[in-house]
Amino acid sequence: MPMDQAQAVIVDDGAKMTAPTAFAPAAISMEGVHLTLAGPAGPVNILRGVDLTVPQGSAVGIVGPSGSGKTTLLMVVAGLERVSSGKTVIAGTDYARMSEDDLALFRRENIGIVFQSFHLIPTMSALENVAVPLEFAGRKDAFARAEMELKAVGLGHRMDHYPGQLSGGEQQRVALARAFAVRPKILLADEPTGNLDGGTGQQIIDLLFSLHRHHGSTLVLITHDPGLARKCGRIVRVGDGVIAGEELA
Ligand SMILES: Nc1ncnc2c1ncn2[C@@H]1O[C@H](COP(=O)(O)OP(=O)(O)OP(=O)(O)O)[C@@H](O)[C@H]1O
Ligand SMILES: [Mg+2]
């Protein structure tokens with residue numbers, strides 16, 4: 001299925017639109033977040049006092065030099081890295097109060113992540129890759145739902161292919177279908193087009209924004225592409241472990 005048709009399929013499954021406004025409750029609220037990890041030459045202060053608020057349903061582009069802490073910031077929002085100090089409240093949930101198990105459950109139900117390098121499970125078909133998180137989330141119709149999601153990203157004809165039998169753009173579409181299948185409140189994307197050619201990258205971006213718009217998911221998009229960051233409407237610049245500035249596009 002061509003991508004323009006694919007996007008049309010996604011539009012309506014009864015989800016409500018959420019208008020992003022400055023007064024909407026925060027999807028992401030970080031206050032004074034520090035994160036120090038052990039490096040080979042001693043502790044590395046990766047995040048050094050991050051303050052960031054992202055209203056529910058809005059989109060933000062995260063930019064900044066390599067090594068500035070963008071991916072680490074995303075990992076904190078996903079609950080995959082514990083902060084050393086400071087407060088992280090995601091979709092109204094204070095991470096400091098959560099056990100690892102609680103965090104895993106929360107993540108499954110509320111957060112979709114798309115990595116630069118796809119992170120698909122190589123021994124599972126495209127269909128299984130999308131269905132498994134749905135099963136974890138307790139969906140009885142996991143496989144039927146996964147099939148629908150894959151058709152929605154134009155991969156109805158590739159469901160039984162393993163990641164190694166898919167092109168880069170196709171793998172990224174599977175990753176996007178997987179991240180979006182649970183209709184996460186928050187969609188986190190780390191350079192999702194980094195490994196794709198221009199045309200395929202554009203299709204993935206169109207799909208990402210279409211999912212964000214039609215389902216009111218909050219979108220956090222890390223990118224080195226200034227044009228793409230502007231598409232989010234708000235650009236946050238990370239520099240040396242802090243929020244170094246921001247602008248509305
Ligand atoms: N597990 C770790 N242990 C120690 N240091 C780490 C760890 N992970 C990342 N770092 C360091 O933290 C800094 C920030 O890394 P991060 O991956 O967040 O950067 P980034 O802004 O995403 O960069 P890029 O644009 O290259 O992806 C880097 O200097 C990196 O070397
Ligand atoms: Mg990174």
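Taking the chain as a Gaussian network, Cα atoms linked when under 10 Å apart, which of Ile121, Ile90, Ile204 shows the biggest mean-square fluctuation?
Most flexible of the set in this elastic network: Ile121.
In region 79-161, what trypsin sites (Lys or Arg not before Pro) fall in a loop by DSSP, with at most 15 other Cβ atoms inside 10 Å?
Of the trypsin sites (Lys or Arg not before Pro), the ones in loops of region 79-161 whose Cβ has at most 15 other Cβ atoms within 10 Å are Arg82, Lys140.
Mind putting a number on the dipole of region 183-249 about its Cα centre? Charges go on the C-beta only, +1 for Lys and Arg and -1 for Asp and Glu, and I need it in Debye to the nearest 20.
Numbers: 7 positive and 8 negative charges, 78 e Å.
It works out to roughly 380 debye.
Calculate, for Gln202 and Ser84, the FRET efficiency according to 1/(1 + (r/R0)^6) with r their C-beta to C-beta distance and R0 41 Å; round to the nearest 0.05. Don't skip to the end; give the middle numbers.
Details: r = 39 Å, r/R0 = 0.94.
Once the sixth-power term is evaluated, E becomes 0.60.
Nearest 10 degrees is fine. How inclined is helix 126-136 to the longest principal axis of the chain, computing both from alpha carbons?
Tilt relative to the chain: about 60 degrees.
Suppose every K and R has +1 on its Cβ and every D and E has -1 on its Cβ; what is the size of the dipole of region 3-248 about the Cα centre, in Debye to the nearest 20?
Dipole of region 3-248, to the nearest 20 debye: 320 debye.
Against the empirical 2.2 N^0.38 Å scaling, what ratio does the C-alpha Rg of the chain come to?
Values: Rg = 17.6 Å, N = 249, 2.2 N^0.38 = 17.9 Å.
For the chain, the normalised Cα radius of gyration is 0.98.
Using a simple charge model, +1 on the beta-carbon of Lys and Arg, -1 on the beta-carbon of Asp and Glu, nothing else, what dipole does region 120-178 show about its Cα centre, in debye to the nearest 20?
120
Tell me, what is the percent relative contact order of region 180-235, built from C-alpha pairs under 8 Å that lie six or more residues apart?
It comes to 44 percent, rounded to a whole number.
Based on DSSP H runs of at least 4 residues, each adding -39500 (n - 2.57), what is the mean residue ellipticity at 222 nm of the chain after dividing by all its residues, to the nearest 500 deg cm²/dmol?
Here the helix-only value at 222 nm equals -10500 deg cm²/dmol.
From the phi of every residue in region 99-113, what ³J(HN,Hα) in whole Hz does the Karplus formula 6.51 cos²θ - 1.76 cosθ + 1.60 yield, where θ is phi - 60° and glycine or proline is x?
With the stated coefficients, region 99-113 comes to 6, 4, 5, 4, 5, 4, 5, 4, 4, 4, 8, 10, 10, x, 10 Hz.
To the nearest 10 degrees, how steep is helix 142-152 against the longest Cα principal axis of the chain, on a 0 to 90 scale?
Here the helix axis deviates by roughly 90 degrees.
Would you mind counting up the charge near Leu196? Only other residues with Cβ under 11 Å from its Cβ, with Lys and Arg at +1 and Asp and Glu at -1.
My count for the surroundings of Leu196 gives -2.
Throughout, read-outs are computed from the coordinates displayed, never taken from laboratory work. On a predicted model such as this, the values are computed, not experimentally measured, just so you know. Every residue, glycine among them, receives a Cβ derived from its backbone with ideal geometry; neighbour counts consider all protein chains shown.
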